[in-house]
Amino acid sequence: MTREELIMACTCDIAGKVRGKSFPASQLEKRLKRGIGWTPTNVQITCFDNIAETPFGSFGDLVLIPDVAATMRLPEEGAPSEVLMLGDIRHTDGKPWEFCTRSILRDALARLEYVAGLTLNGTFEHEFQIRGEEARPGTAFSSAGFREWRAFGETLIAAMRDNGIAPDTFLREFGPGQFEVTMDPSQGIAIADQAVILRELVHAVAARFGKGATFVPIRSPDAVGNGVHVHMSLMDSDGNPATHDPEGKHELSRHAGQFVAGILKYLDAFTAITAPSVVSYLRLTPHRWSAAFNNLGFRDREAALRICPVSDISDLARARQFHFEFRAADAAASPYLLLAALVHAGAQGIEEELDVPEAMQQDLSLLSPQDLAASGHKRLPQTLEKALDAFAANDTVASWFPEGFTDLYVKHKQGEAAIVAGLDPEDQCRRYEEVY
Ligand code: GLU
Ligand code: MG
């Protein structure tokens, strides 16, 4: 039997799932122009595949146009490669569809450029776990752990390199079968494209090793979480670093300080985007090295936003190293929506000319509610429901997204939450582990 290569044109949707349709590779040229047919209601398919309340019903037609710049290719011995191409959803007249996550990120990046002439440089740091691995004492960060998973790691690194993703580190993290993988920064829309492709590569490479990988935010209520940390810096129109100012507060440039301030000011109102699952809120609790407050930390791995260290012995200049990291996110979020929320919040901070917050070196979970309020900080929402309420109630955050998006998103998430309502947290984690 012979096989003919198929290419899958995809979107990474509100649920953070990669969905689409495939076509014979020989049709690529045609599909790059015409795309494939797509349906508005697909946006309300939750991560559990139920369809949440939809304003579109059975109506409407869209096209999903693959973008060769966002291709994932994984060679397979003796068979055609596995090829996915991420793309944009458009109306049939060619205009971007309002609820295309990739177009939403494009709008956010355009706003940053417009308000401050800046572009975003960044990369997603991912954690994931191999399913079914039990805790084995002595393997976290260890040479034994490295040796056992070296072939998997080396295959993943090669696959990243083949896909234009510059690998940075691969490590056997703390949790059972847990890994962290980092990559070099890229710019603009490619930051999110690469995050989506990385996740797909991890799943595909794990499958080739006869394993299942999961990016579930947390595998059980007592476990360590799988975080997504978004590393960001700003660049001017000539591609020069624009985040560092040796004279600025915490060495942040004026715009970078305002950007950071915007993220922290609005964070509790957009946590529903960055930590979008029911179980995300088991991870966003103190002492898990994730984030529980809207705080800026200086080298603090429990701060929502951390100014990362710069090294005097690096071959890179201080201004090129200098950046900050957002830690209150997980892989249930579409990288496009997550990044769009961060960029809008940052641009909002620049527009409002916000003051740079204090950087904390303090465990905020030890403060009384009064002292916490006096410190100017807030606990992030503690359930998805509360996060959605805060999202729906904030007109500024709503204005960042297309008309109707807030309502659509809340309905989507309510439809998702209904599937795990009434389950105990352990079972909720299990359900999410199956789909992420
Ligand atoms: N696992 C932690 C999280 O859920 C992060 C640990 C680390 O700092 O890499 O975000
Ligand atoms: Mg880690």
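The values are calculated or read from the model by the stated rules, or taken from the named source; none is laboratory data. Predicted model, so just to flag it, every value in this text is computed and none were measured. Methodologically, a virtual Cβ is constructed for each residue, glycine included, from the backbone with ideal geometry; neighbour enumeration extends over all protein chains shown. The accessibility values were calculated without ligands, DNA or RNA, using every heavy atom of the protein model including side chains. Shrake-Rupley method; radii C 1.70, N 1.55, O 1.52, S 1.80 Å.
Bridgeable aspartates and glutamates around K413 (alpha carbons under 16 Å apart, same-chain partners fewer than 8 residues away excluded): D13, D49, E53, D330, E385, D389. Per-residue ellipticity at 222 nm from helix content only, as computed over the chain with -39500 (n - 2.57) for each DSSP H run of at least four residues, stands at -11500 deg cm²/dmol. Taking the accessible area of region 79-203, probe 1.4 Å, and keeping the other protein chains in place, the carbon and sulfur fraction comes to 53%.
Surface composition of region 279-436: carbon and sulfur atoms hold 49% of the protein heavy-atom accessible area at a 1.4 Å probe.
Pairs of alpha carbons in region 217-319 separated by more than 23 Å make up 36% of all such pairs. What net charge do the residues around E127 carry, taking every other residue with its C-beta under 10 Å from that of E127, with Lys and Arg at +1 and Asp and Glu at -1? Summing Lys and Arg as +1 and Asp and Glu as -1 gives -4.
In the context of the full set of protein chains, region 109-204 has a per residue accessible area of 41 Å² (1.4 Å probe). Straight-line reach from K211: which lysines fall under 27 Å, measuring Cα to Cα and dropping same-chain residues less than 8 apart? Partners within reach: K17, K21. Size descriptors for region 9-71 (Cα atoms only): Rg and Dmax, in that order, 12.7, 38 Å.
For the chain, the Kirkwood hydrodynamic radius from C-alpha pairs, put into Stokes-Einstein at 37 °C and a viscosity of 0.692 mPa s, yields a diffusion coefficient of 148 µm² per second.
Couplings 3J(HN,Hα) of region 77-89, computed from phi: 4, x, 8, x, 5, 7, 10, 10, 10, 6, x, 10, 8 Hz, in residue order, whole Hz [Karplus 6.51 cos²θ - 1.76 cosθ + 1.60, θ = phi - 60°; x for Gly and Pro]. The loop-placed GluC sites (Glu not before Pro) in region 67-141, going by DSSP, that have at most 11 neighbouring Cβ atoms within 10 Å of their Cβ come out as E77, E134. Between D395 and E358, full extension at 0.36 nm per residue minus the direct alpha carbon distance yields a gain of 10.7 nm. For region 1-82, applying the loop criterion from DSSP together with a ceiling of 15 other beta carbons within 10 Å to the chymotrypsin sites (Phe, Trp or Tyr not before Pro) yields F56, F59. On full extension, the segment bounded by S143 and S311 gains 57.9 nm, given 0.36 nm per residue less the C-alpha separation.
The value obtained for region 154-287, namely the Cα convex hull volume divided by the number of residues, is 150 Å³ per residue.
In the full protein context, region 258-305 carries 24 Å² of accessible surface per residue, based on a 1.4 Å probe and ignoring ligands, DNA and RNA. For region 223-237 versus region 43-85, the inter-centroid distance based on Cα atoms is 25 Å. Summing charges over all other residues whose Cβ lies under 14 Å from the Cβ of A158, with Lys and Arg as +1 and Asp and Glu as -1, gives 0. As a calculated quantity, the FRET efficiency between R301 and A418 at R0 = 30 Å, using C-beta atoms, amounts to about 0.30. Near L364, once Lys and Arg are set to +1 and Asp and Glu to -1 for all other residues with Cβ below 13 Å from its Cβ, the sum equals -3. Counted over region 288-411, the DSSP beta bridges are approximately 45% antiparallel.
Can you tell me, using C-alpha contacts under 8 Å and at least 6 residues apart, the relative contact order of region 170-266 as a whole percent? Here the relative contact order equals 11 percent. Peptides 291-297, 60-66 ordered by packing proxy, namely the average of other Cβ atoms within 10 Å per residue, highest first: 291-297, 60-66. Only lysines eight or more places from K411 in sequence, or on another chain, were considered; those with a Cα closer than 16 Å are K386. For the chain, the relative contact order comes to 18 percent (Cα pairs under 8 Å, sequence separation of at least 6).
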